[in-house]
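The values are calculated or read from the model by the stated rules, or taken from the named source; none is laboratory data. Quick caveat, the model's predicted, so the values are computed rather than measured. Please note: Cβ atoms are built from the backbone with ideal geometry, for glycine as well, and neighbour counts cover all protein chains shown.
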Amino acid sequence: MNDELAGAAWFKSTYSSNAGECVEVAWLGCSRVGVRDSKNPAGPTLAFSMNDWAAFTATLRCGPSVSY
């Protein structure tokens, strides 16, 4: 994954402020999405499959489908 990260084009949401408390996202190879802390770009990075990323972002937009 380090090769994927070296050439990754990281970006923030257009809804992000310039306060520096954001996550950055990059489209990686092998249909994966990278996520990192914008304050610590050399720090840890998470990688998700495109399906997992789509489910995550859909949940953020619509809320969980589980009733409690």
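Pairs linking a residue in region 40-68 that is closer than 19 Å to Gly29 by Cβ to a residue that is modelled with pLDDT under 90 and among the acidic types (Asp, Glu), with Cβ atoms under 9 Å and 6 or more positions apart or on different chains, are Ala47/Glu4. If we keep just the residues of region 1-47 that are over 12 Å from the mean Cα position of the chain (by Cα) and among the charged types (D, E, K, R), which is farthest from Arg61 (Cα to Cα)? Across region 1-47, the extreme among qualifying residues is Asp3.
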